[in-house]
1. Can you bin the range B:250-394 into rounded, prolate or oblate? Criterion: square roots of the alpha carbon gyration tensor eigenvalues sorted a ≥ b ≥ c, rounded for a/c under 1.5, prolate for a/b above b/c, oblate for the rest.
2. If R0 is 60 Å, what FRET efficiency do you get for residue B:306 and residue A:64 from their C-beta distance, rounded to 0.05?
3. Okay, which of the range B:481-511 sit inside 11 Å, backbone N to the point 7 Å along the Cα-Cβ direction of residue B:647?
4. To the nearest 0.05, how large is the calculated FRET efficiency for residue A:133 and residue A:298 if R₀ is 30 Å and r is the Cβ-Cβ distance?
5. Quick one: which of A:194/B:597; A:194/A:235; B:476/B:503 span more than 29 angstrom between C-alpha atoms?
6. R0 = 45 Å: FRET efficiency of residue B:534 with residue A:195, Cβ-based, nearest 0.05?
7. Exactly which chymotrypsin sites (Phe, Trp or Tyr not before Pro) in the range B:588-633 are in a DSSP loop and have at most 16 other Cβ atoms within 10 Å?
8. How much of the DSSP beta bridge set in chain B is antiparallel, as a percent to the nearest 5?
Amino acid sequence: MSTDTSMPLAPVATREVGVGTAAARSGARSGMLQNAARAERPRVSRVGDVLLAVENVSLSFGGVRAISDVSFDIRKGEIRAIIGPNGAGKTSMLNVINGFYHPQQGAITFKGEKRREMRPYFAATSGISRTFQNVALFKGMSTLDNMMAGRTLKMKRGLLWQALRWGPAEEEEMRHREVVERLIDFLEIQHIRKQPVGKLPYGLQKRVELGRALAMEPELLLLDEPMAGMNLEEKEDMSRFIITVNQHLGTTIALIEHDMGVVMDLSDRVVVLEYGRKIADGTPDEVKRDPKVIDAYLGVSH
Amino acid sequence: MISGASETQHDTIPKLLLRNGDIYGSRPAFREKDLGIWQTWTWSQVLEEVRALAIGLQNLGLSRGDTVAIIGDNRPYLYWAFTAAQSLGAIPVPLYQDSVADEMAYVLEHAEVSFAVVEDQEQADKVMSIVERLPRLKKLIYGDPRGLEDYDPADLHALRDVQRTGREALAADPGLGKAWLDTIAAGKASDVSVMLYTSGTTGRPKGVMLTHANVVVSGANANKFDHFTPDDSMIAYLPMAWVGDHIFSYGQAFAGGLTVACPESPETATEDRREIGPSYFFAPPRVFENMLTQIMVRMEDAGATKKALFQYFLGVARRAGEKVLDGKPVPLGDRLLYGLGDILVYGPLRNRMGFSNLRVAYTAGEAIGPELFSFFRALGINLKQLYGQTEASVFITLQPDGEVYPETVGKPGPDVEIKIEEGSGEVLFKSPGVFLKYFKNDEATASTKTPDGWVRTGDAGFIDANGHLRIIDRAKDVGRLNDGSVFAPKYVENRLKFYPEVKEAVVFGQGRDFATAFINIDLVSVGNWAERNNVIYASYQELAGHPEVLKMVERRVDDLNRSLASEPLVAGSQIRRFLILHKELDADDGELTRTQKVRRGFIADRYAPLIKALYDGSRIASISVEVTFEDGRKGRIEGEMAIIDMETYPAAAPAIKEAAE
């Protein structure tokens with residue numbers, strides 16, 4: 001093989017995964033190749049310091065209180081899930097994190113720096129990218145162009161150079177195209193590279209959107225219901241991509257998801273919101289056993 | 001057999017690689033699309049890659065006689081793994097990449113594989129999940145490292161690393177390269193080159209052992225037959241475990257120095273074909289069927305001008321296209337129109353399908369509808385049929401250029417002899433491609449290969465007046481009518497199904513005086529007709545019983561009978577009486593298999609009263625059967641069906657048949 005296909009996916013750390021390969025699932029084995037199963041290493045080695053802290057954040061729209069006094073943190077390298085019943089304020093929370101909304105009270109600290117009110121554009125340049133609950137792609141553009149759009153912030157040549165294309169701008173485009181092509185290869189969407197995304201099935205659109213978010217090479221990736229409306233196979237694929245992104249690119253991920261199986265399998269820690277308040281925070285096992293969470297999801301008998 | 005110094009010198013695949021590296025050194029051998037860009041390896045680069053891989057594999061302990069499993073989509077490095085193994089005297093065993101682990105276990109176990117070269121994590125996981133059943137497996141080598149970095153590397157190696165160690169060893173000890181050449185020189189044409197497991201519709205897969213002579217000579221003969229040169233290219237997209245791919249993309253490519261392009265992924269094969277524009281192409285009939293459907297669907301959406309243009313020139317093509325292709329005389333007007341059509345319609349269409357550079361396309365595997373076949377030929381695509389099997393290294397018969405008849409599978413290929421066994425009608429052949437034996441299955445070998453060197457195909461057929469072979473059915477399915485004439489139900493059913501109005505047909509006649517048929521109409525095609533002719537209907541049953549529909553089908557059956565009469569062997573299978581079933585045959589009711597094959601025995605039991613009516617001379621038959629709805633509820637459908645008597649025609653002598661054509 002003439003090119004090194006694994007380059008952007010250099011290993012960062014490893015861990016046992018719940019969703020994934022047959023080898024990971026099957027237990028002890030005998031004979032040759034018996035040690036080929038994934039090496040198990042403690043989780044702590046992968047998860048680092050606090051990357052983003054949410055402190056006593058409250059957000060209201062007029063008289064409606066979307067988030068009241070919520071605090072939690074996201075550590076470097078972890079998969080952090082935000083769950084809760086409908087209207088709990090999950091998407092608002094993501095919007096606060098990526099700077100689209102500015103909370104009336106409380107503070108967001110990202111990479112040790114307290115966030116001031118700013119445009120999402122600056123959040124993006126600082127290393128946060130996201131996908132949306134309702135796919136937000138440029139429907140008329142091809143998969144490739146959508147993903148190249150994710151590189152816009154990294155393109156340094158000005159309009160004049162871009163218009164000329166020839167020379168430095170072309171060289172720059174080729175460099176970015178290569179990054180995007182590796183992502184296309186990673187996400188297994190070669191066959192739709194040149195197709196307008198509006199025509200694609202929903203599951204593939206979600207994958208393209210993930211690709212565009214990844215094209216920004218974010219430090220923190222926010223996924224708003226990445227598996228909504230997907231069938232089982234698409235969910236498995238998406239889980240595999242999320243795990244690989246987290247493990248091999250070392251990207252920190254915060255996700256909102258309603259499929260509890262996926263959430264419990266994927267995430268390191270889960271924060272549970274209800275009516276804008278935090279009602280639980282901890283590992284999937286802790287959260288699953290929390291009576292308040294059970295009440296929130298199953299209702300309380302009166 | 002073959003003659004000429006070059007062939008006898010280069011009588012194994014590794015020797016051919018050395019020759020190609022020598023004489024075609026700077027010509028492209030393999031292409032693969034990677035990160036959206038076509039990468040090319042010349043024959044001398046391939047030689048270097050294979051040598052590095054071979055030395056690396058040798059270092060890992062691969063030696064003569066070992067078997068090496070190869071699992072993955074068509075990738076250049078997997079083809080190189082074949083050659084690398086063969087250069088060491090090891091035997092590659094390709095497996096179908098979409099098999100589940102359990103299916104692979106049997107072949108891996110039976111073939112006693114000690115090395116496995118796989119494409120990626122998916123395949124590696126499958127092999128590792130059954131590793132306890134494979135005590136002989138020593139090493140697993142993978143091409144794409146993604147997801148595999150975290151695995152314990154003890155017996156797992158990246159192909160790239162194996163090649164690197166090979167290169168390092170070569171650099172450290174130049175004698176290794178010499179020793180490698182000696183190993184290749186020691187290889188004989190009679191050595192086993194590959195084991196291909198036949199999927200087999202019944203029983204366990206059998207490992208067909210092909211020698212180097214089988215693969216090399218079959219490849220060279222096929223190249224000669226269609227005049228392939230190193231300028232020709234093809235796209236390898238069918239499973240590597242299938243004999244066709246092994247002979248076309250490997251045997252023929254190495255024997256003739258052709259270029260093989262591997263698609264980026266299975267999903268992109270069609271797009272990649274457009275970019276490559278191969279000159280040699282193989283596809284099973286369903287691929288051509290899909291292409292036709294796609295063209296028709298897109299033409300439906302086209303503007304009025306385009307549509308009119310397409311329709312008009314399609315008419316011209318139907319009239320003149322095949323004659324132009326076969327070099328037969330065509331009136332000047334048609335020839336000019338066809339030339340214009342080629343610029344305006346056929347050329348762009350061929351380009352759309354990736355056939356702009358196409359010289360030869362083959363189809364095989366199942367019967368192809370004559371209309372479908374003619375459509376492509378009329379567009380100037382030299383589509384031909386061949387007949388072959390794994391045991392023959394593919395080629396038994398092929399249609400030569402200019403002698404293409406849709407109902408036949410062609411004439412015996414170069415150096416191939418065929419004969420039809422008296423009585424059973426089974427086709428037997430002798431050829432340079434005849435397999436050595438089945439691996440560890442002498443019983444099956446003995447029942448397939450006769451003592452005097454003929455191989456039983458298991459298919460029944462006959463040779464027509466033009467010397468072309470026609471296959472009628474599996475030999476075991478061919479029966480007899482009471483008068484002793486041959487009754488070939490599947491052949492007749494397939495012929496019926498080629499009519500657009502007929503969706504499914506079941507023909508009876510085994511041990512009876514004459515043949516009869518149940519017919520299912522095609523709701524799409526007949527429904528379309530009904531719409532155009534203001535025929536109102538509420539259900540399948542109502543449409544199936546419509547007198548006009550009956551008449552339409554009757555005309556088709558009559559047409560079929562006339563055509564069968566012209567084929568001496570199957571003239572007895574003409575349909576004497578038929579009826580149109582009141583319900584569609586359905587897998588939910590057990591009448592079809594899940595792969596949509598007719599379950600003849602079950603249908604005969606279920607519809608016994610109808611069969612009785614077909615043979616007792618009644619004009620009307622009625623029945624009530626239980627049906628299963630899609631939600632699992634059961635109900636009954638009752639129906640009365642008219643039985644139509646057909647005229648049959650006397651079997652024609654072969655000479656008249658020629659005149660009729």
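Coordinate-derived values only; no laboratory data. Keep in mind the model is a prediction, meaning the values are calculated, not measured. Quick reminder, even Gly has a Cβ in these numbers, built from the backbone with ideal geometry, and neighbours come from all protein chains shown.
1. Details: a/c = 1.86, a/b = 1.48, b/c = 1.25.
Since a/c reaches 1.5 and a/b is larger than b/c, the shape of the range B:250-394 is classed as prolate.
2. Numbers: r = 56 Å, r/R0 = 0.93.
Taking R0 as 60 Å, the efficiency between residue B:306 and residue A:64 is 0.60.
3. Taking a point 7 Å out along Cα→Cβ of residue B:647, no residue of the range B:481-511 has its backbone N under 11 Å.
4. Working: r = 24 Å, r/R0 = 0.80.
E(calc), rounded to 0.05, equals 0.80.
5. Details: A:194/B:597 38 Å; A:194/A:235 24 Å; B:476/B:503 25 Å.
Listed pairs above 29 Å: A:194/B:597.
6. Details: r = 41 Å, r/R0 = 0.90.
The calculated FRET efficiency here is 0.65.
7. On the way: sites: B:602, B:607, B:615, B:629; in loops: B:607, B:629.
When the chymotrypsin sites (Phe, Trp or Tyr not before Pro) of the range B:588-633 are filtered for loop state and at most 16 Cβ neighbours within 10 Å, B:629 remain.
8. Working: 54 of 89 bridges.
Bridges in chain B are about 60 percent antiparallel.
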